[in-house]
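> This structure is in structure tokens; I'll ask about it shortly.
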Amino acid sequence: MSSPCKAHAGDNVILSPSRRGFLAAALTGAALTLAPMQFAAADTGASNTKTITGHLEPGAADFVYLPVEVPAGVNKISVSYSYSKPSVASGLMNNACDIGIFDDKGTKLAGKGFRGWSGGFRTEFFISAAEATPGYLPGPVGKGTWNIVLGPYQVAEQGMDYTVNVTLDHGADGAPYRPQYAAQQVAGRGAGWYRGDAHLHTVYSDGKRTPAEVAAGARAARLDFMISTDHNTPASHGAWGPLAGEDLLILTGEEVTTRNGHYLALGLEPGDWIDWRYRAREKGFEQEAQRIHSSGGIVVPAHPYCPYVACRWKFGYDNADAVEVWTGPWTADDEYAINTWDSMLSQSVRGGGRWLPAMGNSDAHSAPQVIGFPHNVVNASALSRDAVLEGIKNGRSWIAESADVALAFNATSGGRSAGVGERLDAAEDAPVTVTAEISGVPNAVVRFITDEGQIRQSSLPASGQGTVTWVTTPQLSAYVRVEVRHPMADGTPSNGTAMGTTLLLGPMAALTNPIFLGKK
């Protein structure tokens with residue numbers, strides 16, 4: 001919280017936008033801009049606080065901007081806010097409002113003015129040259145128009161009353177903040193299979209773990225790499241340098257939380273920020289995806305069937321490089337996601353176009369969520385940013401619930417072989433032997449799935465170790481992928497046939513990307 005107002009700094013001023021005030025405000029697209037909050041210059045060492053209150057009706061703009069005119073000589077800006085939460089009938093949404101801030105460089109989409117975002121996770125924040133609240137970017141508080149941004153993503157039928165307090169402290173800046181970015185490659189680690197969780201949160205957004213705790217969790221999960229993806233902010237990027245090492249590659253990213261779904265921007269250049277202020281009916285996603293790609297990063301829609309407000313994915317997959325089909329402990333949302341993904345595989349075969357690889361990540365925020373449950377096992381030419389992202393983008397990966405699970409999957413024909421994410425070049429009628437070697441899943445149910453559906457099912461012994469083999473042809477199977485499931489809750493194996501009977505399936509333990517069969 002900001003320091004108390006000094007007696008000579010001026011009284012608190014209540015700015016309650018009247019009907020005239022709202023008529024004077026600018027409403028553009030999905031954003032509302034209020035009349036500016038004015039601050040006079042003050043003596044060094046002084047503080048000045050002002051307050052604005054207002055009311056938003058249901059159907060309010062996606063983002064409400066409160067301009068703050070910052071005079072010269074300010075070394076710290078502090079903001080706190082609150083909003084009403086009226087009693088609502090069962091089944092109706094109550095108020096929920098996010099907050100962030102842009103500096104004097106402006107609020108232009110993907111512009112240079114972003115200075116922080118905490119969503120609805122914090123009720124107050126501050127920014128100074130030397131430090132800032134987690135989620136916000138330290139740096140000078142420059143003279144000009146700053147904009148506090150409210151994101152009222154749920155407004156009750158009674159409307160939302162809000163209060164925003166702004167305090168400016170005057171004085172000289174402290175020593176500037178120096179970010180410590182992690183190296184983008186681990187020296188001496190060549191081609192191999194590397195395990196990593198690419199969807200993780202810290203206290204820099206809505207997580208409860210510090211970066212040090214997340215890095216420790218990644219090591220405990222026996223991961224080789226991890227990617228930090230705090231919501232809508234790169235503020236944690238500068239904290240990872242001291243936490244990486246020869247045993248753990250730490251890459252930077254962002255979970256971009258729009259009003260029509262969330263996606264992961266993976267492998268961002270440290271310090272890069274991706275904007276989220278758009279809906280599926282606008283062009284913002286396409287523009288931001290292009291920015292991510294131009295910097296060498298990849299785009300991955302996250303938990304596409306998430307049932308919460310603004311979480312369900314609605315942007316399509318044309319600009320995506322992979323899709324997160326498994327997020328945290330296995331649920332019905334994941335079952336829907338994998339079925340949709342499998343249908344997209346079949347469509348890609350029919351149309352001869354590109355296919356979209358699958359990913360799995362923990363989306364861990366705090367205990368008891370487990371870092372690395374699940375994670376990706378990626379075939380990469382090196383333990384580096386570019387090689388890991390390339391392996392994910394090319395589908396040279398599979399998903400495991402933990403490092404206890406091992407899986408080798410290949411297809412052979414006529415002396416040729418192919419692995420996960422590859423194509424086996426074989427004649428349409430050539431016999432193809434498909435083999436999966438699994439360990440670490442006691443009494444597992446192993447399913448071979450093609451463009452026709454489940455074709456082969458087998459159970460492993462209590463040791464959790466075994467090999468399953470099947471013979472097919474490219475004419476019969478355009479692709480083959482493997483699912484390894486736990487038995488159902490009653491201990492029985494998955495129940496179903498390959499002929500369209502409803503399948504009763506246990507939780508996923510491992511899942512591969514496909515091997516494609518036949519000439520392209």
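> Only strands (runs of 3 or more DSSP E) wholly contained in the range 25-99 count here; list those with 2 or more residues that are out of contact with any Gly (no Cβ under 9 Å at 6 or more places or on another chain), surrounded by 13 or more Cβ atoms within 10 Å (Cβ to Cβ) and not polar (S, T, N, Q). Before you say what the answer is, go through the steps one by one.
Values: elements: 26-28, 31-33, 47-56, 63-70, 74-83.
Result: 31-33, 63-70, 74-83.
> Can you confirm whether the range 457-470 contains a residue that is under 23 Å from LYS520 (Cβ atoms) and at pLDDT 95 or above? Before the answer, list the steps.
Going through the range 457-470, the residues under 23 Å from LYS520 (Cβ atoms) turn out to be 470.
Right, trim to at pLDDT 95 or above and you get 470.
Checking the range 457-470: at least one residue is under 23 Å from LYS520 (Cβ atoms) and at pLDDT 95 or above.
> Here is a list of conditions, (1) on the phi > 0 side of the Ramachandran plot; (2) outside any loop (DSSP other than H, G, I, E, B), and GLY188 meets all of them except one; can you say which number that is?
Of the numbered conditions (1) on the phi > 0 side of the Ramachandran plot; (2) outside any loop (DSSP other than H, G, I, E, B), the odd one out for GLY188 is (2).
> Restricting the search to the range 400-417, which residues are in a strand (DSSP E or B) and surrounded by fewer than 21 Cβ atoms within 10 Å (Cβ to Cβ)?
Within the range 400-417, the subset in a strand (DSSP E or B) is 400, 406-413, 416-417.
Within the range 400-417, ALA406, ALA408, ASN410, THR412, ARG416, SER417 qualify.
> Pairs under 9 Å by beta carbon, first residue under 19 Å from VAL88 (Cβ atoms) and modelled with pLDDT of 95 or more in the range 139-166, partner of a type in the set (D, E, K, R) and not in a strand (DSSP E or B), six or more apart or different chains?
Every condition considered, the pairs that remain are PRO152/ASP62; VAL155/GLU57; ALA156/LYS85; GLY159/GLU57; MET160/GLU57; MET160/LYS85.
> Restrict the check to the range 333-356 and report whether at least one residue is in a loop (DSSP other than H, G, I, E, B), modelled with pLDDT of 95 or more and among the polar types (S, T, N, Q).
Taking every residue of the range 333-356 in turn, none turns out to be in a loop (DSSP other than H, G, I, E, B), modelled with pLDDT of 95 or more and among the polar types (S, T, N, Q).
> What do you reckon, is SER397 within 24 Å of VAL300 (Cα to Cα), crowded, with 19+ Cβ neighbours inside 10 Å and among the polar types (S, T, N, Q)?
yes
> With (1) at pLDDT 95 or above; (2) of a type outside the set (A, V, I, L, M, F, W, C); (3) farther than 20 Å from SER343 by Cβ; (4) assigned to a loop (DSSP other than H, G, I, E, B) as the list, and THR433 as the residue in question, which single condition is left unmet?
Looking at each condition in turn, THR433 falls short on (4).
> Could you grab the pairs with beta carbons closer than 9 Å, sequence gap of 6+ or different chains, first residue in the range 349-371 and free of Cβ contacts under 8 Å to residues at least 60 places away in the same chain and farther than 17 Å from VAL299 by Cβ, second one among the polar types (S, T, N, Q) and part of a loop (DSSP other than H, G, I, E, B)?
Here the result reads GLN369/SER362, each pair linking the range 349-371 to a residue that is among the polar types (S, T, N, Q) and part of a loop (DSSP other than H, G, I, E, B).
> If we keep just the residues of the range 235-252 that are within 24 Å of SER128 (Cα to Cα) and buried (at least 24 other Cβ atoms within 10 Å of the Cβ), which is farthest from the chain's Cα centre (by Cα)? Before you say what the answer is, go through the steps one by one.
Just the residues of the range 235-252 that are within 24 Å of SER128 (Cα to Cα), to begin with: 235-242, 252.
Checking which are buried (at least 24 other Cβ atoms within 10 Å of the Cβ) leaves us with 235-237, 240, 252.
Working: ALA235: 15, SER236: 14, HIS237: 14, TRP240: 17, THR252: 11 Å.
Taking the candidates together, the pick is TRP240.
> Identify, please: which residue in the range 143-182 is in contact with a strand residue (DSSP E or B) (Cβ under 7 Å, 6 or more places away or on another chain) and in a loop (DSSP other than H, G, I, E, B) and is, among those, nearest to LEU248 (Cα to Cα)?
Here is the first cut: in the range 143-182, the residues in contact with a strand residue (DSSP E or B) (Cβ under 7 Å, 6 or more places away or on another chain) are 143-155, 159-174, 182.
Narrowing the set further to residues that are in a loop (DSSP other than H, G, I, E, B) leaves 143, 155, 159, 171-174, 182.
On the way: LYS143: 41, VAL155: 43, GLY159: 48, GLY171: 41, ALA172: 39, ASP173: 36, GLY174: 33, ALA182: 10 Å.
Among those that are in contact with a strand residue (DSSP E or B) (Cβ under 7 Å, 6 or more places away or on another chain) and in a loop (DSSP other than H, G, I, E, B), it is ALA182.
The values are calculated or read from the model by the stated rules, or taken from the named source; none is laboratory data. Everything numeric in this text was worked out from a predicted model, so none of it was measured. Note that we place each Cβ from the backbone using ideal geometry, even for glycine, and neighbour counts take in every protein chain shown.
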